[in-house]
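Derivation of every value follows stated rules applied to the coordinates shown; laboratory data play no part. Owing to the predicted nature of the structure, the values given are computational and were not obtained by experimental measurement. Ideal geometry is used to build each Cβ from the backbone, glycine not excepted, and the neighbour counts take in all protein chains shown.
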Amino acid sequence: MKFSVPDMSCGHCAATIEKAVKTVDASASVTCDLEKHLVEVGTSTTPEAMAAAIREAGYEAGHVPG
Ligand SMILES: [Cu+2]
């Protein structure tokens with residue numbers, strides 16, 4: 001699943017987001033594209049739960065369908 005995270009701008013943001021994702025699913029795979037402000041997550045958790053975790057870490061997150 002993919003999320004648009006407009007405020008993710010550097011490695012620190014990416015690390016914070018990765019940590020938030022892994023709090024929900026420790027075995028999730030996380031790929032952050034800083035240029036496109038996209039976070040790709042491989043997980044069996046729902047997009048809603050992942051978006052909520054990223055928001056709790058302080059970043060607006062929109063699920064990108066497809
Ligand atoms: Cu940053």
Is it the case that segment 28-49 has a residue that's in a helix (DSSP H, G or I) and either free of Cβ contacts under 8 Å to residues at least 24 places away in the same chain or surrounded by 17 or more Cβ atoms within 10 Å (Cβ to Cβ) (or both)? yes
Go through segment 33-62 and give me each residue that's closer than 12 Å to PRO6 by Cα and of a type outside the set (A, V, I, L, M). ASP33, GLU35, LYS36, HIS37, ARG55, GLY58, TYR59, GLU60, GLY62
Please go through segment 50-64 and pick out each residue that is surrounded by fewer than 18 Cβ atoms within 10 Å (Cβ to Cβ) and within 15 Å of the ligand (Cβ to nearest atom). ALA57, GLY58, GLU60
For segment 1-30, what are the residues that are within 16 Å of the ligand (Cβ to nearest atom) and of a type in the set (Val, Ile, Thr)? VAL5, THR16, ILE17, VAL21, VAL30
